[in-house]
Amino acid sequence: MSTHEARLAALREQLKADRLDGFVVPLTDEHMSEYVGTYAQRLAWLTGFQGSAGSAVVLPQEAAIFTDGRYTLQVRDQVDGTHWSYQSVPGTSIADWLKDRAPEGGRIGYDPWLHTRDWVKKAREALADKGAELVAVGRNPIDQIWDGQPEPSKARLVAHPEELAGRSSAAKRQEMADWLKEEKADAAVLSALDSIAWTFNVRGQDVDHTPVALSFALVHDDGTADLFVASEKLGDDVRQHLGNGVRVHERRDFESHLAAMKGKTVAADPERAVAAIFEALEQAGAKILQKRDPSILPKAIKNEAEIAGHRAAQARDGAALVRFLHWLSVEARKGGVDELSAAAKLLDFRRQGGDLRDISFDTISGAGPNGAIVHYRVTEETNRPLEMNSLYLVDSGGQYPDGTTDVTRTIAVGEPTAEMRDRFTRVLKGHIALSAARFPEGTRGTQLDAFARQYLWQAGLDYAHGTGHGVGSYLAVHEGPQRISPAGSSQAGGDEPLRAGMICSNEPGYYKTGEYGIRIENLVLVVELDVAGAEKPVLGFETLTFAPIDRSLIDTALLTDVERGWIDDYHEQVVQIVGALVEGEALEWLKEVCRPL
């Protein structure tokens, strides 16, 4: 019996002991995080799935794993299809699947600290049709059978300096207090880890690649706050940084504080606060206002200090990527470079560039057919060499105190085929169309998504992921509320109006299963444009990421004069901005690959 088969059997035994007929396993934590600490990697431990989004349901006789289009190939590689059926989201929801599959009158367990209230409501309604019930568990059954489950991180918090944050924590909390008064509320719950890090100007090391600390907070209408975090994680410097306006408590005391909110009006975010928080407030006799976390929008709209920091981080990161691409241009042709060694070399160059605190996500280093797996994560087992006459896709980023980066380049090793060049050029044309877009204030990401797909659509092609996500300021590499994605996609946020100061990715792609993948990604800043005669404010994008685009993959016959001009202007900026930070052979190579088309 394989390890994961044995774990599935052990969970079924535990469910029997708990008088449950099923259990739902999401990939998240008590903060509804996308990336979670090792202690919360329950889905990976149970199934072997290594992606960053997914859920599973275990019933006595069958089990299913639910993932979106980014993971269609990966889930089949990592999760054993003899024990798990593969379900595609949003086509099939967990609630719909349970409605069909749950036993009559069955008891399906869920952990109320790992689901939103809305999810609980929908699942409960779906099960009611079957006479089945959804049961909140006091202790997660996976935690009861997981031998050697890691402890939550004990890493210390660090203060994030005001010159990088651009605003003091006290000013941010006062703005929230003013909002609470307008809403006639006494307090707001902050449970999203990046919201807490941003609000209190602190950073942590509790989640790989995202500089946040495991904590909860309550912000009050007088601008003071209660912060719930393990006391061993706070040094005197951070306590002093937090100041007298912040009362510090143990993280484990958060629930008992909620229980003391009787008669208070409390704002809680239905999308980001888990069901257990709402239940605790209801049982306490608090009045709940379902409102978006008040840090979400100000965190997304970067201030001048954050934008300046981001530009500086991007320049250093671009220089590291240029050194890597130059190295790859020399070494890949010799043979001996594989996905793991390439990712390790890129990390070396980032470290040499200075001030790197972490990478911003696991580097996607995909050679040949592995490049077609959208969120591929290389392991010793899947590692492939970079072979001649193939494509190599590398999607990577860095966490720097002044900014978070995320960039993808696709590189031809040897001679690309005509089809590869056609597909790459269509992706590039879409990337240019989106980066050059002008749009009125109030425009949403869903309205812009097709700009990036149009040239693929013309050839009957597409890609199964959103075109852009928000990015934090030395915070989460995937930050809301804005997205650029098709209407009705599984990734929320495309309906949020884009506002000046927001940072988004621009990353169209094309993936040919079993052969190759293509993606071109830059980060862009939403800016207000001065358009003569405009009757309402006009927005557009300013490119923030500077690294060469592989000219050997561009079919110039498919480009318009305007597109050629965009590429030449972009490459001129790459030489100006990044060229100042590289020297020697790497600089000569950069000038050569950035010469006008």
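The values are calculated or read from the model by the stated rules, or taken from the named source; none is laboratory data. Owing to the predicted nature of the structure, the values given are computational and were not obtained by experimental measurement. Note: ideal-geometry Cβ built from the backbone for every residue, glycine included; neighbour counts use all protein chains shown. For the accessible areas, the whole protein counts, side chains as well, though only heavy atoms, and no ligand, DNA or RNA atoms are used. Shrake-Rupley method; radii C 1.70, N 1.55, O 1.52, S 1.80 Å.
Here are some notes:
- Among the conditions (1) modelled with pLDDT under 95; (2) among the charged types (D, E, K, R); (3) buried (at least 21 other Cβ atoms within 10 Å of the Cβ), Asp317 misses just one, which is (1).
- Of the strands (runs of 3 or more DSSP E) lying entirely inside segment 24-90, not one is found with 3 or more residues being at pLDDT below 95.
- Across segment 103-128, the number of residues qualifying as part of a loop (DSSP other than H, G, I, E, B) and in contact with a helix residue (DSSP H, G or I) (Cβ under 6 Å, 6 or more places away or on another chain) comes to 3.
- Residue ID - nearest to Lys302 (Cα to Cα), chosen from residues in segment 152-174 that are surrounded by 18 or more Cβ atoms within 10 Å (Cβ to Cβ) and among the hydroxyl-bearing types (Ser, Thr, Tyr): Ser169
- Tabulated pairs, segment 334-349, first more than 18 Å from Ala412 (Cβ to Cβ) and touching a residue at least 24 places away in the same chain (Cβ under 8 Å), second among the charged types (D, E, K, R) and assigned to a helix (DSSP H, G or I), C-beta under 7 angstrom, 6+ apart or interchain: Phe349/Arg323
Residues are listed down the side, and each one gets a yes or a no for (1) closer than 25 Å to His465 by Cα; (2) of a type in the set (Ser, Thr, Tyr):
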site	(1), (2)
Leu289	no, no
Ser295	no, yes
Gln314	yes, no
Phe324	no, no
Glu339	yes, no
Ala343	yes, no
Ala367	yes, no
Ile373	yes, no
Glu381	no, no
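- Residues of segment 137-151 classified as within 15 Å of Gly22 (Cβ to Cβ) and either of a type in the set (Val, Ile, Thr) or open to solvent by 50 Å² or more (accessible area, probe 1.4 Å) (or both), total: 2
- Single residue of Arg409, Arg444 found to be open to solvent by 50 Å² or more (accessible area, probe 1.4 Å) and either among the charged types (D, E, K, R) or under 28 Å from Pro548 (Cβ atoms) (or both): Arg444
- Test: residue in segment 177-193 that is crowded, with 21+ Cβ neighbours inside 10 Å, in contact with a helix residue (DSSP H, G or I) (Cβ under 9 Å, 6 or more places away or on another chain) and either of a type outside the set (A, V, I, L, M) or more than 19 Å from Met261 (Cα to Cα) (or both): yes
- Taking segment 199-235 as the range and being open to solvent by 10 Å² or more (accessible area, probe 1.4 Å), assigned to a helix (DSSP H, G or I) and either in contact with a Gly (Cβ under 6 Å, 6 or more places away or on another chain) or of a type outside the set (S, T, N, Q) (or both) as the test, only Glu232 passes.
- Residues satisfying the stated conditions in segment 144-160, i.e. over 19 Å from Phe228 (Cα atoms) and touching a residue at least 40 places away in the same chain (Cβ under 8 Å): Gln144, Ile145, Trp146, Gln149, Pro150
- Residue count for segment 251-299, restricted to those that are open to solvent by 40 Å² or more (accessible area, probe 1.4 Å), assigned to a loop (DSSP other than H, G, I, E, B) and closer than 30 Å to Val238 by Cβ: 6.
- All positions within segment 339-358 that are open to solvent by less than 40 Å² (accessible area, probe 1.4 Å) and of a type outside the set (Lys, Arg): Glu339, Ala342, Ala343, Leu346, Phe349, Gly353, Gly354, Leu356
- Within segment 238-250, tally of residues that are more than 30 Å from the chain's Cα centre (by Cα) and open to solvent by 60 Å² or more (accessible area, probe 1.4 Å): 3
- Extreme residue, most open to solvent (accessible area, probe 1.4 Å), among residues of segment 17-55 that are touching a residue at least 12 places away in the same chain (Cβ under 8 Å) and over 30 Å from Val477 (Cα atoms): Arg19
- Close contacts from segment 234-254, counting a first residue that is within 30 Å of Ala276 (Cβ to Cβ) and a second that is among the β-branched types (Val, Ile, Thr) and open to solvent by 20 Å² or more (accessible area, probe 1.4 Å), with Cβ to Cβ under 8 Å and a gap of 6+ residues or different chains, come to Leu234/Val248; Val238/Val158; Arg239/Val248; Leu242/Val248; Gly245/Thr224; Val246/Thr224; Arg247/Thr224.
- Members of segment 498-543 that are touching a residue at least 60 places away in the same chain (Cβ under 8 Å), open to solvent by less than 10 Å² (accessible area, probe 1.4 Å), under 20 Å from the mean Cα position of the chain (by Cα) and under 22 Å from Glu304 (Cα atoms): Gly501, Met502, Ile503, Ser505, Asn506, Asn522, Leu523, Val524, Leu525
- Any hit, segment 450-469, residues being part of a loop (DSSP other than H, G, I, E, B), aromatic (Phe, Trp, Tyr) and at positive phi: no
One line per residue, one yes/no per condition, for (1) farther than 28 Å from Ser485 by Cβ; (2) open to solvent by less than 30 Å² (accessible area, probe 1.4 Å); (3) of a type in the set (Lys, Arg):
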| site | (1), (2), (3) |
| --- | --- |
| Gln61 | yes, no, no |
| His83 | yes, no, no |
| Tyr86 | no, no, no |
| Ser93 | no, no, no |
| Asp96 | no, no, no |
| Gly106 | yes, yes, no |
| Asp111 | yes, yes, no |
